[in-house]
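The values are calculated or read from the model by the stated rules, or taken from the named source; none is laboratory data. Keep in mind that this is a model prediction, so the values were computed, not measured. Cβ placement follows ideal geometry from the backbone for every residue including glycine, while neighbour counts extend to all protein chains displayed. These accessible areas exclude ligands, DNA and RNA; they are computed on the full protein's heavy atoms, side chains included. Shrake-Rupley method; radii C 1.70, N 1.55, O 1.52, S 1.80 Å.
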Amino acid sequence: MTSIPLRDVLSVLEDSFPQESAQSWDRVGLVSGDPEQPIRRVHAAVDPTLEVIQEARDAGADLIITHHPLLLRGLHSVATTSAKGAAVTSLVVGDVALYVAHTNADVAEPGVNTALAAACGLASTEPLTIEEGRPMGRVGDLDEPVSLADFAARLADSLPSAPAGVRVAGPADGVVRRVALLGGAGDGLIGAAVAAGADVYVTSDLRHHPALEAREEATATGGTPFLIDAGHWATESLWLGEMLDRLRESLAAAGHDVVGLETHVSTICTDPWSFTVGARTDQGDPQ
């Protein structure tokens, strides 16, 4: 069975997602594993949860690549009495390497945000803004204007289904042509979407007050940008399959035999919500 040294896989990942392109607060790169260990099966997921790690171990994975860091903040113990400790223990006991590509994957081209742009129907985009010298988010124009309702429906069809669905702020018949987006939590860039002249801003984790204030400001100045909260997990999961395909291609180009190298995108939805009850339509009626 094909095996590739982890160090060679890391080399490809570092070329695609340089650690220096991550934001200064981020924690990316190799979290567990031995650079000399053989890699035969690669598992990809948004979050390195205990369930995802167990899924990877059950599948015989040697390497997990996740978008979100496992150890973003300092720990003083990895005892199994905490979820983080149990995760580290499971990785080490299972001899599974963990690699994280977070904000360095957000800014990559292709990367998290270009994958979300494609799901939004954008063929060409430019950075929404620049932070720490790196492009954040994307903005571009649809080939033809569509209604906000149609745009949201098409986006929902392009995203993996999650319990919270896609939330929309704006009139169903509003016109959408220019689209701004940021995968993951993005209410901090609402102002950038306004400055970019976006008709709609697609992101996730929109908090009550920033979203409400943005819509009130928009109503006073013409109505846009409309807001779409498409879910943190959903907006960032699109990148995983594309990333694994490129990993295989790059390893093959480097001279590795990838015929027997197995890759798999986790089937686990790590959105923290389980279900919704009593959601209301735009008219205030329960669905």
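Scan region 88-98 and tell me whether some residue there is in contact (Cβ under 8 Å) with a residue 40 or more places away in the chain, open to solvent by 20 Å² or more (accessible area, probe 1.4 Å), under 20 Å from VAL31 (Cα atoms) and assigned to a loop (DSSP other than H, G, I, E, B).
To start, the set of residues in region 88-98 that are in contact (Cβ under 8 Å) with a residue 40 or more places away in the chain comprises 88, 90-92, 94-98.
Now restrict to residues that are open to solvent by 20 Å² or more (accessible area, probe 1.4 Å): 88, 92, 94-95.
Narrowing the set further to residues that are under 20 Å from VAL31 (Cα atoms) leaves 88, 92, 94-95.
Restricting the remaining residues to those that are assigned to a loop (DSSP other than H, G, I, E, B) gives 94-95.
Yes, region 88-98 has at least one match.
So how many residues does region 254-271 have that are open to solvent by 90 Å² or more (accessible area, probe 1.4 Å) and at pLDDT 95 or above?
Here the count works out to 0.
Taking the criterion of being in a helix (DSSP H, G or I) and surrounded by fewer than 23 Cβ atoms within 10 Å (Cβ to Cβ), would at least one residue in region 131-144 satisfy it?
First pass over region 131-144, keeping only residues in a helix (DSSP H, G or I): none.
No, there is no match, as no residue in region 131-144 is in a helix (DSSP H, G or I) and surrounded by fewer than 23 Cβ atoms within 10 Å (Cβ to Cβ).
Please identify the pairs in which a residue from region 193-211 that is at positive phi has its Cβ atom under 9 Å from the Cβ atom of a residue that is assigned to a helix (DSSP H, G or I) and surrounded by 13 or more Cβ atoms within 10 Å (Cβ to Cβ), counting only partners at least 6 apart or on another chain.
Within 9 Å, the pairs are ASP205/ASP187; ASP205/HIS232.
HIS232 passes all but one of (1) under 26 Å from THR114 (Cβ atoms); (2) touching a helix residue (DSSP H, G or I) at 6+ places or on another chain (Cβ under 9 Å); which number fails?
(2)
Among the residues of region 150-171, write down those that are part of a loop (DSSP other than H, G, I, E, B), open to solvent by 40 Å² or more (accessible area, probe 1.4 Å), among the hydrophobic types (A, V, I, L, M, F, W, C) and modelled with pLDDT of 95 or more.
VAL166
Which condition number does ILE4 fail, the rest of (1) open to solvent by less than 20 Å² (accessible area, probe 1.4 Å); (2) touching a Gly at 6+ places or on another chain (Cβ under 8 Å) being met?
Here ILE4 meets the rest and fails (2).
Within the set of pairs 6+ apart or on separate chains, which have a first residue in region 55-76 that is on the phi > 0 side of the Ramachandran plot, a second that is open to solvent by 60 Å² or more (accessible area, probe 1.4 Å), and C-beta atoms under 8 Å apart?
Every condition considered, the pairs that remain are GLY60/ARG40.
Could you check how many residues of region 109-130 are free of Cβ contacts under 8 Å to residues at least 40 places away in the same chain and either open to solvent by less than 10 Å² (accessible area, probe 1.4 Å) or more than 23 Å from TRP233 (Cβ to Cβ) (or both)?
Result for region 109-130: 5.
Buried (at least 21 other Cβ atoms within 10 Å of the Cβ), among the charged types (D, E, K, R) and over 16 Å from the mean Cα position of the chain (by Cα), is that true of ASP199? Before you say what the answer is, go through the steps one by one.
Values: buried (at least 21 other Cβ atoms within 10 Å of the Cβ): yes; among the charged types (D, E, K, R): yes; over 16 Å from the mean Cα position of the chain (by Cα): yes.
Criteria met by ASP199.
Mind checking which strands (runs of 3 or more DSSP E) fall wholly inside region 1-79 and carry at least 3 residues that are of a type outside the set (Gly, Ala, Ser) and under 25 Å from CYS269 (Cα atoms)?
Values: elements: 29-32, 41-45, 63-66.
It comes to 41-45, 63-66.
Could you run through region 33-54 and say how many residues are buried (at least 24 other Cβ atoms within 10 Å of the Cβ), touching a residue at least 60 places away in the same chain (Cβ under 8 Å) and within 15 Å of the chain's Cα centre (by Cα)?
Selection size over region 33-54: 3.
Being of a type outside the set (Phe, Trp, Tyr), open to solvent by less than 10 Å² (accessible area, probe 1.4 Å) and over 16 Å from ASP106 (Cβ atoms) narrows it down to one residue among LEU244, LEU206; which is it?
On the way: LEU206 fails: open to solvent by less than 10 Å² (accessible area, probe 1.4 Å).
Selected residue: LEU244, the only one of LEU244, LEU206 that is of a type outside the set (Phe, Trp, Tyr), open to solvent by less than 10 Å² (accessible area, probe 1.4 Å) and over 16 Å from ASP106 (Cβ atoms).
Of all the residues that make up region 213-246, how many are without any contact (Cβ under 8 Å) to a residue 40 or more places away in the chain and not small (Gly, Ala, Ser)?
Result for region 213-246: 6.
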